[in-house]
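The values are calculated or read from the model by the stated rules, or taken from the named source; none is laboratory data. Because the structure is a prediction, the values reported are computed rather than measured. Glycine gets a Cβ as well: all are built from the backbone with ideal geometry, and neighbour counts include every protein chain shown. Each accessible area value is taken on the protein alone, full model and side chains, heavy atoms only, with ligands, DNA and RNA left out. Shrake-Rupley method; radii C 1.70, N 1.55, O 1.52, S 1.80 Å.
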Amino acid sequence: MKISKEKFGQSFDALTADYQIIAPIADVNGVNYQVVKNFSEVKQDYLNSKLPPKSFLFPQHEKLLSYKKEGKDVIVKNELKVGKTVLFGIRPCDAKGMLLLDKVFKNDAYTDPYYFERRDNTVVIGVACNKIAPTCFCSSMGISPSSSEGSDIFLIDLGDSYQVEAVTEKGKAIAASLVELVELTTEEQAQVDTIKNAQTTSKVDVATITSKLGTMFNHAYWDTLQEKCIGCNACSFSCPTCHCFDISEEVRKNEGTRVRTWDGCMSPLFTLHGSGHNPRNKHEARWRQRMMHKFNYFVQNNGDIACVGCGRCIKSCPVNLDIRQAIDGVNKAELVVE
Amino acid sequence: MNSIISDIRETARQLLADGKVDVVIGYEKGSLPLKATPCFVRSPQDADKLIWDETCENNLAAFATKTAGKKAIVAKGCDSRALVVLMQENQLVKDDLYVIGVSCQGVIDKKKIEAETGEILEAIIAEGKLSVKGIACDKEFNFIDVKDATCQTCRYPNPVIEDIHIGGSVEVPQQTVAFADVIEMENRTDSERQAYFQEQMKKCIRCYACRNACPMCYCSECFVDCNSPKWLTGGVDRAENLLFQAGRVLHLAGRCVDCGACSRACPQGVDIRALNRKLTKDVSEMYHHEAGISEEVKPALNVYSADDPEAFLVKE
């Protein structure tokens, strides 16, 4: 079924009454997700946003609670304020990224209320990629430029209209509010088929990377891989699945807040203990951790590789340390029998 | 292959074969079009990886302090100035360093190109022109138009120190007005400047790529990472971002060699250099000092002068 963009725009604008809508817009820094009030603001032909939409579920800087000492009492205030949100124009890689973040913030022992309060109140409207960047490799990660996994509603952009697929119950409720859904013409169906068949041309081989990494904790590869890395967090902060954070207190006299901020494994401070000991004191160990976490530990813990092939880390790296080459390097690394 | 590349390779090969250095730090072809990537050559046969062109944008002096052993470094003018400052600040020992100097025509600002062509699929550089195939459109550029902003005002394209020079030298362009860009910024009203920097700081994600790409940022603990006392929260808002950048810029006063590595490293396109350039101009005017142009000239903040603009310092 399809809907004309004109009609879709009307439904979109109507949604702003009940939802905060986050969508890609063109700003001074390329295309990024921001709050929009009107469908006309939405950027249509974009490869992918510069930064992933994860910050709308997991903000870079988030007040968890605030507290105030009054006499002998401590008044604690929950700072979580969440409204209903639509994330519009999410690419398949980022939608999958959110499914992976779900696994991080919910496990047998703990469900993170801050993340899930937002997550449960969020509807994801995904859009297939009509153009594929040379740095994209989602097809190698079991996703595809037209995969609807992780979206509540999935759209395929046909120029003047969208093909609409309601994926989840949440999505069906929103889809029901879309008026004038009509059948696709034969030509449009052919267009949909072409988009659905497209795969990324850039490929990496991750077939055996998890088991291979399991044998590589002590391997000389880490010494050479990390050498040109300058140790910034441009890769982690632009990654839709990186989720490490720090919790700290900001205190002034009798009151304070507890905040959660993004952190990244490339920073030496990340693992610095209060004692002064740092178990990952060398950059080699930090790069090993980055690879292990994404391609080994995460798989062991959650059953998936924590990389969706969006290519943002490749584009944002100041020294062109390309994760695809890092993966190839693991594949080619000679096994050392200890 | 041009003769500069073959000469760099041959020099690297000889240095390694003769055991004069343990490693040659240079550039190799990157995985993306118009992108070189730093490389570390440790055996003579690997020297063939080395390249040299207008994509060699990183300041390799940033790796000099982190790489153990005797090292040779392929150095542009700005890289060599950074090496001078690092030696003056006792971060590098001259005997451990071999500078392969190469004069630089400037490096390419990829962001400028991508703003017009979209993501770059393929590119060819030849005779001052770039033919770029982009995802949005194909376009031809004159190199001069897409040269990095830093290189457009560069007065040190030729290395200031070197053990060997590869290729010819580049004529130093005569500037009509020194620091024209800073003067333009100074002439704006306070509110215009504030608006400009607020817009810039809004983009910063505090990944610290600028700091880490900078050869002069080698503190074992940066003030932003210090958690006792805690100067900054690590959060991203314009005030905190500006405090981080302002703190860094002040720390670089008289030390910044204006290589532009910070701005090029920034994934968010923050105009970091606008702050650094202002300090460079101030230090130039007040202390008549330019960082890293000579091993003999002492750093601005390390000398006493009776001409010091702060009158209280020279009171008899």
| said: Can you name every one of the helices (runs of 4 or more DSSP H) wholly within the stretch A:183-255 that holds 3 or more residues which are exposed (fewer than 13 other Cβ atoms within 10 Å of the Cβ)? | reply: A:186-197
| field | Among the residues listed as A:Lys69, A:Lys50, the single one being over 19 Å from A:Trp262 (Cα atoms) and open to solvent by 40 Å² or more (accessible area, probe 1.4 Å) | value | A:Lys69
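Of everything in the stretch A:57-74, what is out of contact with any helix residue (DSSP H, G or I) (no Cβ under 7 Å at 6 or more places or on another chain) and within 14 Å of chain B (Cβ to nearest Cβ)? Give them in sequence order.
Passing the criteria: A:Pro59, A:Gln60, A:His61, A:Lys63, A:Ser66.
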| said: With the requirement that a residue be touching a helix residue (DSSP H, G or I) at 6+ places or on another chain (Cβ under 7 Å), open to solvent by 20 Å² or more (accessible area, probe 1.4 Å) and either part of a loop (DSSP other than H, G, I, E, B) or at the interface with chain A (Cβ under 10 Å from one of its Cβ atoms) (or both), what does the stretch B:224-262 give you? | reply: B:Asp225, B:Thr233, B:Arg255, B:Cys256, B:Asp258
| One residue from B:Ala265, B:Ala300 being touching a helix residue (DSSP H, G or I) at 6+ places or on another chain (Cβ under 7 Å), within 14 Å of chain A (Cβ to nearest Cβ) and not charged (D, E, K, R) | B:Ala265
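Please find, among A:Gln44, A:Gln20, the residue that is closer than 30 Å to B:Gly134 by Cα, open to solvent by 50 Å² or more (accessible area, probe 1.4 Å) and either more than 14 Å from chain B (Cβ to nearest Cβ) or modelled with pLDDT under 95 (or both).
Going through A:Gln44, A:Gln20 in turn, the sole match is A:Gln44.
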| task | Collect the residues in the stretch B:200-218 that are more than 7 Å from every other protein chain (Cβ to nearest Cβ) and open to solvent by less than 70 Å² (accessible area, probe 1.4 Å), keeping them in residue-number order. | result | B:Gln200, B:Met201, B:Cys204, B:Arg206, B:Cys210, B:Arg211, B:Cys214, B:Pro215, B:Met216, B:Cys217, B:Tyr218
| note | Only one of (1) basic (Lys, Arg); (2) within 21 Å of A:Glu62 (Cα to Cα); (3) open to solvent by 40 Å² or more (accessible area, probe 1.4 Å) does not apply to A:Arg119, and that is (3)
| note | Per the filter on the stretch B:166-198, residues loosely packed, with under 15 Cβ neighbours inside 10 Å and within 14 Å of chain A (Cβ to nearest Cβ) are B:Ala195, B:Tyr196, B:Gln198
| Residues that are closer than 21 Å to B:Asn212 by Cβ and part of a loop (DSSP other than H, G, I, E, B), drawn from the stretch A:280-325 | A:Arg280, A:Asn281, A:Lys282, A:Cys317, A:Pro318, A:Val319, A:Asn320, A:Leu321, A:Asp322
| request: Being in contact with a Ser or Thr (Cβ under 9 Å, 6 or more places away or on another chain) and open to solvent by 80 Å² or more (accessible area, probe 1.4 Å) is the filter; apply it to the stretch B:101-128 and report the residue that is nearest to B:Val170 (Cα to Cα). | output: B:Ile124
| query | Which of the residues belonging to the stretch A:224-265 are facing another protein chain (nearest Cβ under 8 Å), in contact with a Leu (Cβ under 8 Å, 6 or more places away or on another chain), over 17 Å from A:His61 (Cβ atoms) and not basic (Lys, Arg)? | reply | none
| Given the conditions (1) open to solvent by 20 Å² or more (accessible area, probe 1.4 Å); (2) of a type in the set (Ser, Thr, Tyr); (3) in contact with a strand residue (DSSP E or B) (Cβ under 6 Å, 6 or more places away or on another chain), and given that A:Thr261 satisfies all but one, which numbered condition is not satisfied? | (1)
| field | Cβ pairs under 7 Å, 6+ apart, first in the stretch B:1-20 and open to solvent by less than 40 Å² (accessible area, probe 1.4 Å), second among the hydroxyl-bearing types (Ser, Thr, Tyr) | value | B:Leu15/B:Tyr98; B:Leu16/B:Ser43
| message | When you check B:Ala136 against the structure, is it at pLDDT 95 or above, outside any helix (DSSP H, G or I) and within 14 Å of chain A (Cβ to nearest Cβ), yes or no? | response | no
| query | Do we find a residue being in contact with a Leu (Cβ under 8 Å, 6 or more places away or on another chain), part of a strand (DSSP E or B), under 25 Å from A:Phe8 (Cα atoms) and open to solvent by 20 Å² or more (accessible area, probe 1.4 Å) anywhere in the stretch A:130-144? | reply | no
| query | Could you count how many residues in the stretch B:268-297 are open to solvent by 30 Å² or more (accessible area, probe 1.4 Å), away from chain A (no Cβ under 14 Å) and not in a helix (DSSP H, G or I)? | reply | 7
| query | Which one of these does B:Lys94 not meet: (1) within 14 Å of chain A (Cβ to nearest Cβ); (2) free of Cβ contacts under 8 Å to residues at least 24 places away in the same chain? | reply | (1)
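Taking the stretch A:268-282 as the region of interest, how many residues are touching a Lys or Arg at 6+ places or on another chain (Cβ under 8 Å) and within 11 Å of chain B (Cβ to nearest Cβ)? Steps first, answer last, please.
Quick first cut of the stretch A:268-282, residues touching a Lys or Arg at 6+ places or on another chain (Cβ under 8 Å) only: A:268, A:270-271, A:280.
Subsequent filtering for residues that are within 11 Å of chain B (Cβ to nearest Cβ) retains A:268, A:270.
Qualifying residue count for the region: 2.
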| said: I'm told A:Lys68 meets every condition in (1) modelled with pLDDT of 95 or more; (2) under 17 Å from the mean Cα position of the chain (by Cα) except one. Can you identify the failing condition by its number? | reply: (2)
